[in-house]
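The values are calculated or read from the model by the stated rules, or taken from the named source; none is laboratory data. Nothing here was measured: the structure is a model prediction, and the numbers come from that model. Quick reminder, even Gly has a Cβ in these numbers, built from the backbone with ideal geometry, and neighbours come from all protein chains shown. The area values use the complete protein model at the heavy-atom level, side chains included, leaving out ligands, DNA and RNA. Shrake-Rupley method; radii C 1.70, N 1.55, O 1.52, S 1.80 Å.
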Amino acid sequence: MKVLLAGFNLDADVIAELRRAAPERADITPETLAAAYARISRNPRPVDELRAEARAEVERARRSNQTIIFKMGHHSVAEHAVFNFDLIGLSRLAIEEVERFRLCSFTEKSQRYITLGDDFVVPAEVREAGLERLFVDTVRLQNALYHRLYERLRPHVLAKHRELAEEPGNQAVLDGWAKEDARYIASLATEGQLGMTVNARNLELLIRRFAAKEMAEVRELNTRIYALAKEVAPSIVLFTDPTPFDAKTYAEVGEEAERSRPPSQKSRAGGRPTRAAGVRLVDATPDADLRVLAALLHTVTARPYGDVLEEARRLPPARKKSLFKAALRRMEFYDFPLREFEYTALTFELVVSASCFAQLKRHRMATLTWQPYDPALGVTVPPSVAEAGAEGEFREAIERTEAAYAVLKKACGAAAAYVLTNAHRRRVLIHLNARELYHLSRLREDATAQWDIRAVTARMSALARRVMPLAGLLLEGRTVIRTFMSGFSASGRPSLRPGSSNKTNQSRATSL
C-alpha cells in the first residue's frame with residue numbers, strides 16, 4: 001500500500017507570496033489534479049506519475065479536462081478541484097440563495113453571537129424604482145430599535161437568570177440570548193459574510209443558476225465569482241450560461257397552476273393565511289418502523305427482501321423493539337443511526353420566522369423548498385421582548401416595515417423582501433428520512449440551540465414518533481434527552497449548570 005497526500009487548500013495570500021518568491025509557473029491550479037485523476041480509469045501508471053505529468057504540461061492537462069468534461073460527459077472529474085471563497089457584504093436575503101446548494105460547505109457570520117452594526121444592502125431594484133429614501137429610512141428605524149432592544153434585553157436576561165449570571169463564564173452566553181432576540185427586528189437587507197468551500201462541478205452549477213436569477217445582487221455575485229474561478233481554472237468551469245430551464249421553469253409552472261385553479265378561487269391571492277407559526281406532518285411512509293426493521297434484517301441475513309419483510313411483520317412487538325434497541329444502543333453523541341433508517345420518508349409543512357429559517361436552511365441533505373416571505377403569515381415576537389415591555393414598540397416597527405413593503409412590492413416585485421425582518425414568516429416544505437431527522441433533532445433540540453428552531457424541531461420529532469415510535473426511540477426531546485433537558489427553565493431557556501449539556505452513550509445505553 002502507498003498513500004500520498006496529493007494536495008490541500010492553501011490561503012490565497014500564501015500562494016501569492018510563493019509566486020513572488022519563485023519564478024513564474026503555470027501549474028498553480030487545481031486543474032492538474034482533475035486532469036491526473038481523470039486519467040486513472042484508462043492509464044495503468046501510478047497516479048503520482050500522472051500528477052507529475054499534468055503539472056509539467058498544464059495546457060495539455062487543460063485540453064484533456066475540456067475533452068473529458070465537454071465531449072465525453074465525465075463531469076465528475078471537476079469535483080477534484082476545490083475552491084474557497086470569502087463572501088463579504090452580502091445581504092441576509094442573498095445568503096439564502098447561496099446556501100441553497102447542497103454539496104457546498106458554508107460558515108456564516110452569526111447574528112446570535114455578533115452585535116450587528118448598521119450595514120445593509122440597498123438593492124439595485126429599489127434604487128432604480130426611486131424608492132431608496134423609503135427603504136433606507138425603514139431599515140434605519142429597524143436598526144435603531146435593534147440596538148435599543150439589545151440594551152433593554154441584556155439586563156432583563158441577566159436579571160431573569162440571576163443564578164447563571166453570577167458565574168463569569170456564563171456572561172457571553174446570556175449576552176448572546178439578548179442579541180439573538182433583538183435581531184428579530186433586523187432586516188433581510190442586513191449585511192453578512194461567509195466562507196464557502198465548493199468543488200468545481202458545484203461551482204459551475206452555482207454560477208449557471210445565479211446567472212438566471214432575478215435578484216440583481218445575486219447576479220453581481222455570480223459575475224465576481226465566475227471571474228475569479230475562470231482565471232484560475234478555465235478548463236473545468238465550462239457550462240456557465242443561464243439556461244431557460246433555470247430561468248423560466250418555476251414561472252411557467254406558476255402560470256400553469258393559475259390556469260388550473262377553479263374560477264371561484266382565482267380572485268384569491270394565495271392560500272388561507274395563518275397568523276401563527278406551525279408544524280404539520282403532511283406525509284409519511286406507511287409502516288415506517290416495519291420498513292426500517294426489514295432493511296436491518298436484509299443487511300444482517302442472507303435472505304431476499306420479501307422474506308425479511310414478511311418476517312418483520314410477524315414479529316411480536318417486544319422482539320421488534322429489541323431489534324431497534326440493538327441498532328441504537330451503542331450510539332455515541334457523534335454517531336448517526338444506521339443507514340437502514342433512510343428507508344423512511346417524512347414530509348413536514350412549516351410556517352417559520354426568517355430567523356428560524358436561517359438555521360433550518362443549513363440542513364441541505366433534506367429536501368427543502370419554500371415560498372416567499374409573506375407578511376400575511378404574521379411575525380414571531382420573541383417572548384423576552386414582551387417580558388421586557390417592548391412588544392408595542394416592536395409591533396409598531398413591524399407596521400412601519402409592512403407599510404414600506406407594500407409600496408416596494410408594487411414597484412420592485414420580489415426585491416421588496418429585503419425590507420422585511422427576521423421576525424417575518426414563510427411557508428416551508430421539508431422532506432427527510434429518519435436518519436436525517438436524527439441529525440436535525442440532535443443539533444436543534446440540544447440545550448444550546450436557539451429557542452425558535454428548538455420548538456419547531458421538537459414538534460417535528462413528536463409528530464415523527466407518532467408514525468415511527470421504534471425508529472424514533474432516540475429522537476431528542478424524549479426519555480433519552482431528559483437527563484439534560486431537565487435543566488431547562490420555564491421560559492424554555494436552557495440551564496447552564498454543569499451536566500445540562502448533551503450526554504454521551506452512557507445515558508443512552510442506560511435508557512435502552
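Can you report the number of residues in the range 14-53 which are of a type in the set (G, A, S), in contact (Cβ under 8 Å) with a residue 24 or more places away in the chain and under 16 Å from V77 (Cα atoms)? Lay out the reasoning, then the answer.
Within the range 14-53, the subset of a type in the set (G, A, S) is 16, 21-22, 26, 34-36, 38, 41, 52.
When the remaining residues are screened for being in contact (Cβ under 8 Å) with a residue 24 or more places away in the chain, the result is 26, 34-36, 38.
Now restrict to residues that are under 16 Å from V77 (Cα atoms): 34-36, 38.
So the count comes out to 4.
If you take the residues in the range 185-201 that are part of a helix (DSSP H, G or I) and within 20 Å of R62 (Cβ to Cβ), which one is least open to solvent (accessible area, probe 1.4 Å)?
Step one: filter the range 185-201 for residues part of a helix (DSSP H, G or I), giving 185, 200-201.
Among the residues that remain, those that are also within 20 Å of R62 (Cβ to Cβ) are: 200-201.
Numbers: A200: 0, R201: 93 Å².
Among them, the one singled out is A200.
Could you pull out the residue among E231, E167, E214 that is modelled with pLDDT under 90, over 21 Å from D86 (Cβ atoms) and open to solvent by 50 Å² or more (accessible area, probe 1.4 Å)?
On the way: E231 fails: over 21 Å from D86 (Cβ atoms); E214 fails: modelled with pLDDT under 90.
Of the residues listed, the single one that is modelled with pLDDT under 90, over 21 Å from D86 (Cβ atoms) and open to solvent by 50 Å² or more (accessible area, probe 1.4 Å) is E167.
In the range 3-28, what residues are more than 19 Å from A200 (Cα to Cα), in a loop (DSSP other than H, G, I, E, B) and under 35 Å from the mean Cα position of the chain (by Cα)?
V3, L4, L5
Give me the helices (runs of 4 or more DSSP H) completely within the range 29-141, filtered to those with at least 3 residues that are out of contact with any Ser or Thr (no Cβ under 6 Å at 6 or more places or on another chain), open to solvent by less than 50 Å² (accessible area, probe 1.4 Å) and farther than 30 Å from T448 by Cα, ordered by residue number.
Details: elements: 31-39, 47-56, 58-66, 92-98, 124-128.
Answer list for the range 29-141: 31-39, 47-56, 124-128.
Between a residue in the range 152-179 that is closer than 23 Å to G117 by Cβ and any residue that is polar (S, T, N, Q) and assigned to a helix (DSSP H, G or I), which pairs come within a Cβ distance under 7 Å, given they are 6 or more apart or on different chains?
L153/S384; H156/S384; V157/S384
Restricting attention to the range 14-28, which residues are open to solvent by 40 Å² or more (accessible area, probe 1.4 Å) and within 22 Å of N199 (Cβ to Cβ)? Working first, answer last.
Taking the range 14-28 as the starting set, the residues that turn out to be open to solvent by 40 Å² or more (accessible area, probe 1.4 Å) are 14-15, 17-26, 28.
Answer for the range 14-28, where residues must be open to solvent by 40 Å² or more (accessible area, probe 1.4 Å) and within 22 Å of N199 (Cβ to Cβ): V14, I15, A26, I28.
For the range 386-397, which positions are in contact with a helix residue (DSSP H, G or I) (Cβ under 8 Å, 6 or more places away or on another chain), open to solvent by 10 Å² or more (accessible area, probe 1.4 Å) and among the hydrophobic types (A, V, I, L, M, F, W, C)?
Of everything in the range 386-397, just one residue is in contact with a helix residue (DSSP H, G or I) (Cβ under 8 Å, 6 or more places away or on another chain), open to solvent by 10 Å² or more (accessible area, probe 1.4 Å) and among the hydrophobic types (A, V, I, L, M, F, W, C), namely A388.
Conditions tested, residue by residue: (1) out of contact with any Phe, Trp or Tyr (no Cβ under 9 Å at 6 or more places or on another chain); (2) polar (S, T, N, Q); (3) more than 24 Å from G278 (Cβ to Cβ).
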{"residue": "E399", "(1), (2), (3)": "yes, no, no"}
{"residue": "A403", "(1), (2), (3)": "yes, no, yes"}
{"residue": "K409", "(1), (2), (3)": "yes, no, yes"}
{"residue": "A417", "(1), (2), (3)": "no, no, no"}
{"residue": "R425", "(1), (2), (3)": "no, no, no"}
{"residue": "L429", "(1), (2), (3)": "no, no, no"}
{"residue": "N433", "(1), (2), (3)": "no, yes, no"}
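Output the residues belonging to the range 228-242 that are under 25 Å from the mean Cα position of the chain (by Cα) and of a type outside the set (A, V, I, L, M).
If the condition is that a residue be under 25 Å from the mean Cα position of the chain (by Cα) and of a type outside the set (A, V, I, L, M), then T240, P242 are the ones that fit.
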